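A.B. asks: Next up is a structure, given as structure tokens.
Every number here is computed from the coordinates shown, using simple stated rules; none is lab data. Note that the coordinates shown come from a computational prediction; the quantities given were computed from them, not determined experimentally. In this analysis, Cβ positions are derived from the backbone assuming ideal geometry, glycine residues included, and neighbour counts consider all displayed protein chains.
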Amino acid sequence: MEKISVFDMLKIGVGPSSSHTLGPWRAAQRWLSELQANPHFDKIEGIKIYLYGSLALTGKGHHTDTAIMLGLSGEDPETMDISEITNKIEKIRTSKRMKLWGEKTISFIPDEDIIFLQNKTLPFHANALQFSTTIKGQKVKSIYYSIGGGFVVKDGEDTVKQKVKLPFPCNHASDLLQHCQKNKISISEMVWQNELAWRDESQIKFKLIRIWETMRESLYRGCHSQGILPGGLEVKRRAYDLHHKLIKGHPYQGVEDWIPAIKKGDHSFQEILKWISCFAMAVNEENASLGRVVTAPTNGSAGVIPAVLMYYICFCDQEVDNNQIMKFLMVAGELGSFFKKGATISAAMGGCQAEIGVSSAMAAGALTECLGSTVEQSLMATEIAMEHHLGMTCDPIGGLVQIPCIERNSMGAVKAITACKIAMESDPAYAKVSLDRVIETMWDTAKDMNKKYKETSLGGLATHVPVNHPEC
């Protein structure tokens, strides 16, 4: 199986979707890099992009066309000024021209050159896109698949290509358990040793803290932004009002002293529940607004892990420093990789169990380790969280990552904490369901699920709630 780093599972990107926005963005960048190697790159005569399957059915609501244009223009989702997205896209639309990689200007009419083939699919994956151009009279084209969580593969490409040798290779949860028991180490200690095979200690710490800081920024922005979410559904942001009620006037000047202000407040069960919902909705309202979030493991489920991590930092009655935060993120990333290897993290392949279910499972296991429990209890918490998301469909109204997606992040966060608490009070020796078995069950469920419930907006709430908006 493919060797997967924590930083493959936790990526910094732009909303609203990892598979429909971030993935196509990365595919556009990859294709453009390949084109630049062509000695006649400056002779490109035009570009057409064909979207298939789920990308075609919900691509408008997920800003797939926007992501492709930004990728072809040379913008990067980790670093670009997100406040400039609307202006850059409008400039392309009005001028009917695009500057590839900021170098080669071509004629480009988005409504004609990005083609949504809603009745066609390609065999490898539901999220497929083809780039096509003509260079000196010769057709040049490539097909890519956005397979979930921002992962992209080219048609015919060997996905198991990494040559790195890990000290503790894990294809299944049982492998992880064996390594930890044999070497008397925690999950995070094992993950740390594996990550050192990819990069040095300073790089690992820098990237983990950068992920946390990106999460914290998205939490803060979401809690301090008002208005209506874009897309035409007229969904009102709720995190702002809820945050205003919960913070109860405790003073703070910015993101650095915001968390201490939260910790000074009411720690009753009811208030903590409200905070968890506030955190999760804040992130996913940012995600729905083309904001920068951490794909964890997807954009549609980006609010679960930050919400549970904030619960740990603010309400668990212990001092949490950067080392504990890095431990949380490493464990979450490693646990998520088992679902990527053994099932899917793509809602277009597995429904929402592959997004909210996986993120909830990742958060549950990470929280359990950070609260001092055993490896066995962490794996048990991961299993419990997924067990109670099995079969969840993906049915975004209007193809937008808003209803029911935003609220589902709150529910996934609460389930993660509940799974942690159950596991911590249990003896895993008596557990009847292992994490590996629940991952197998999840994949079987995904394969059996009717395709209309797999991020197509052709079933479920998407067809039972009347909407009228122009963008989808």
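A.B. asks: Taking the highest mean first, how do the peptides 434-441, 99-106, 142-149 order by number of other beta carbon atoms within 10 angstrom per residue?
C.D. replies: On the way: 434-441: 19.5, 99-106: 14.4, 142-149: 25.0.
Top to bottom by mean Cβ count within 10 Å: 142-149, 434-441, 99-106.
A.B. asks: Mind checking the dipole of the range 173-464: about its Cα centre, +1 per Lys or Arg Cβ, -1 per Asp or Glu Cβ, Debye to the nearest 20? Please report the intermediate quantities before stating the final value.
C.D. replies: Details: 29 positive and 33 negative charges, 112 e Å.
Magnitude of the dipole: close to 540 debye.
A.B. asks: Going by average Cβ neighbours within 10 Å, how do the peptides 61-67, 268-274, 339-345 rank, with the highest at the top?
C.D. replies: Working: 61-67: 26.3, 268-274: 12.7, 339-345: 23.7.
Result, highest mean Cβ count within 10 Å first: 61-67, 339-345, 268-274.
A.B. asks: Which pairs, out of Lys11/Lys165; Lys136/Lys341; Lys207/Lys274; Lys120/Lys341; Lys163/Lys207, put more than 32 Å between their alpha-carbon atoms?
C.D. replies: Lys136/Lys341
A.B. asks: Calculate the all-directions average of the projected area of the chain's alpha-carbon convex hull, and give it in nm².
C.D. replies: Details: hull surface 88.6 nm².
Computed as one quarter of the Cα hull surface, the answer is 22.2 nm².
A.B. asks: Show me the ranking of peptides 20-28, 109-117 by mean Cβ neighbours inside 10 Å, starting with the highest.
C.D. replies: On the way: 20-28: 28.7, 109-117: 15.3.
The most tightly packed comes first, giving 20-28, 109-117.
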